[in-house]
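The values are calculated or read from the model by the stated rules, or taken from the named source; none is laboratory data. Keep in mind that what you see is a predicted model, and the values were worked out from it rather than measured. Reconstructed Cβ throughout: ideal geometry from the backbone, glycine too, with neighbour counts over all protein chains shown.
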Amino acid sequence: MSETLSLGLVADIHHGAQVGTKLGPAALPLLAAFNDWANNLPLDLVVELGDRINNLDQDADRQLTQDIAAAFGKLTLPRAHLLGNHDNHDLSRVAAEAAMQTGFHSWSRDLKGFHLVFWNADTCVKGKQAFVFDAADLQWLEADLASTELPTIVFSHLPLDEGSMIGNFYFEKYFAGFAHYANAAGARAVLEESGKVILCVSGHTHWNARNTIDGIHYITIHSLSESFTTWPHPSGAYALLHVQDQITLEVFGRDPAYYRLPVRQPGRHWANLSRPFAPKPEVISPQMREYIAKADAQQ
């Protein structure tokens, strides 16, 4: 049995001026409180899921990012950072890396019997076009998953489950179609076929959400300074993740959440008519045989 993996998580800090319901002026005090909390726990790693700033222009964004880098400098723990769409809206990836003093390539590491993937796929906004990761992003992910036999957790800025955005202040109407990658199904196919991924964790959509597809859990962490679910106050959200023989994830703040979930067994899949399976004929009812035959005919 592996040791317990313990991670601190924070998402969508949005330091800067107030923009809509993103209370940017509250971000640094809330981040300082998160750092104090994390420094007092036996965490293995802190993961920051991107969108550190409320972008304005190149000079302002560089300074805002440097502010966040200085704040994270108070952490006494190792950490990993992802690149959000606001972080590279006016800054190039290279400029964002220089300001944050970290790299924003995709990378992975093994920790306490788990494989952790930090997938920095493309998060650039290209006019009115939805987010799309490119072929190189997907090839990197597929190759990385092929390189390990450990149970795997994937961290990305954008959620990969394409969950419902009904009721979301930003993504139901104002930015409909920008909550997920337009080609997210391709990433899920790679995750599922690997047989190794147990959990995907993301930010971006500014609320707590959970979905499970083919035994893989997809969890989205609320934004630190967002207020649409906690108006007029910022949510103050951050999370604690423990993984061993089960997954527990607790989101703290004004909009708390708690999940206790099973760990997907390696190579196991949900029953799916698009995936071959061969149950004994005697356990299939005539009605089910007819249903399967019709489904096969439509393939």
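Selection of first residues in segment 60-77 that are in contact (Cβ under 8 Å) with a residue 60 or more places away in the chain and more than 16 Å from Val47 (Cβ to Cβ) and of second residues that are in a loop (DSSP other than H, G, I, E, B) and among the charged types (D, E, K, R), restricted to Cβ pairs under 9 Å at least 6 apart or on distinct chains, gives an empty result. Here is a check on your reading of the model: is Ile166 closer than 21 Å to Val251 by Cβ, of a type in the set (A, V, I, L, M, F, W, C) and surrounded by fewer than 19 Cβ atoms within 10 Å (Cβ to Cβ)? So Ile166 passes the test. Hey, among the residues in segment 124-161 that are under 19 Å from Arg264 (Cα atoms) and assigned to a strand (DSSP E or B), which one's farthest from the chain's Cα centre (by Cα)? Per the criteria, the residue is Thr152. Filtering segment 278-299 to residues that are outside any helix (DSSP H, G or I) and modelled with pLDDT of 70 or more leaves only Ser285. When Gly236 is tested against (1) of a type outside the set (A, V, I, L, M, F, W, C); (2) surrounded by fewer than 24 Cβ atoms within 10 Å (Cβ to Cβ); (3) within 20 Å of Leu31 (Cβ to Cβ); (4) out of contact with any helix residue (DSSP H, G or I) (no Cβ under 8 Å at 6 or more places or on another chain), exactly one condition is not met: (4).
Scan segment 3-29 for residues that are closer than 15 Å to Leu49 by Cβ, out of contact with any Phe, Trp or Tyr (no Cβ under 6 Å at 6 or more places or on another chain) and not charged (D, E, K, R) and the total you get is 8.
Can you tell me how many residues within segment 38-71 are out of contact with any Ser or Thr (no Cβ under 7 Å at 6 or more places or on another chain) and in a helix (DSSP H, G or I)? The number of residues fulfilling the criteria is 15.
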